[in-house]
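A quick write-up on the structure given underneath.
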Amino acid sequence: MTLVPHNATPKRAAAPPRACRRPLLERNVAARVPSSHNRPQTSPAKRMDIKDHIRSIPDFPKPGILFYDISTLLAHADAWSVAMGRLAKVVSRHAPDLLAGIESRGFLVAAPLALKLGLGFVMVRKRGKLPGPTVAHTYALEYGTDIVEIQADAVVAGQRVVILDDLLATGGTMTAAIELFRKMGAEVVGSACLIELTFLNGRQRLDVPFNALVTYDR
């Protein structure tokens, strides 16, 4: 047995070794390097190229014509949703009361877009396709004329209308639809399509704002 004097100061246990710290400069540099989790991420919707879902078919509906087919876009739910979202942003800027779709693929664009925006939808059809009283507008084609109609009670004078179609080529049908709604007293505040064939210069015939999601130069 070892005796310890009562006035002796007991020795403290040795402190465990402190963890090695990184140099201050290294810590500061590490703090400035952003973690991959903090970097802004681009959503798949923003990166999506709508053209990847539109196929081109040569010599349809006749030799020498290159047809841009949106069936593949319609069949891809995510791509179609992205297309509608982008069009919704464009169209909503015009603050329309109604959306109008031109027969027949324009219905595929305008109807779901109207539903998305909480707006009414009006069909622009060829002559003889609508029941009840109609209002018609005749317009010139390269060889002859054609007629577009809407139902007489489909629009109220003063309503703001945006007209939509799947594709703008020469602009003849879109121009006719614009004139038809003006004949009814509506205000056509804009127009839009999924596709624009820029080499046909159809946009130059329109006297209202026009937007397209994708363009082709041939």
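Some notes on this structure:
- Criterion applied to 175, 145 was being under 30 Å from residue 214 (Cα atoms), exposed (fewer than 15 other Cβ atoms within 10 Å of the Cβ) and in contact with a Phe, Trp or Tyr (Cβ under 9 Å, 6 or more places away or on another chain), and the one residue passing it is 145.
- For the range 58-89, the candidate set comprises residues that are over 15 Å from residue 213 (Cβ atoms) and aromatic (Phe, Trp, Tyr); within that set, the residue that is surrounded by the most Cβ atoms within 10 Å (Cβ to Cβ) is 67.
- With respect to the conditions (1) touching a Cys at 6+ places or on another chain (Cβ under 7 Å); (2) without any contact (Cβ under 8 Å) to a residue 60 or more places away in the chain, residue 202 lacks only one, and its number is (1).
- Within the range 58-75, the residues that satisfy the criterion of being in a loop (DSSP other than H, G, I, E, B) and either under 20 Å from residue 48 (Cβ atoms) or touching a Pro at 6+ places or on another chain (Cβ under 7 Å) (or both) are 70, 75.
- Scanning the range 178-192 for residues that are among the small types (Gly, Ala, Ser) and under 22 Å from the mean Cα position of the chain (by Cα), we see that the one that is farthest from residue 215 (Cα to Cα) is 190.
- Neighbours by Cβ (under 7 Å, 6+ apart or cross-chain): first from the range 151-171, free of Cβ contacts under 8 Å to residues at least 40 places away in the same chain and part of a loop (DSSP other than H, G, I, E, B); second surrounded by 21 or more Cβ atoms within 10 Å (Cβ to Cβ) and of a type outside the set (A, V, I, L, M): 169/202; 170/202; 171/202
- Failed item in (1) surrounded by fewer than 17 Cβ atoms within 10 Å (Cβ to Cβ); (2) more than 24 Å from the chain's Cα centre (by Cα); (3) among the acidic types (Asp, Glu), with residue 217 passing the rest: (2)
- For the range 41-86, the tally of residues that are in contact (Cβ under 8 Å) with a residue 60 or more places away in the chain and farther than 15 Å from residue 218 by Cα stands at 5.
- Strands (runs of 3 or more DSSP E) within the range 76-148 that include 2 or more residues modelled with pLDDT of 95 or more, out of contact with any His (no Cβ under 8 Å at 6 or more places or on another chain) and closer than 22 Å to residue 194 by Cβ: 98-102, 120-126
The values are calculated or read from the model by the stated rules, or taken from the named source; none is laboratory data. Bear in mind that the values here come from a model prediction, so they are computed numbers and not experimental data. Counting neighbours? That spans all protein chains shown, and the Cβs are built from the backbone with ideal geometry, glycine included.
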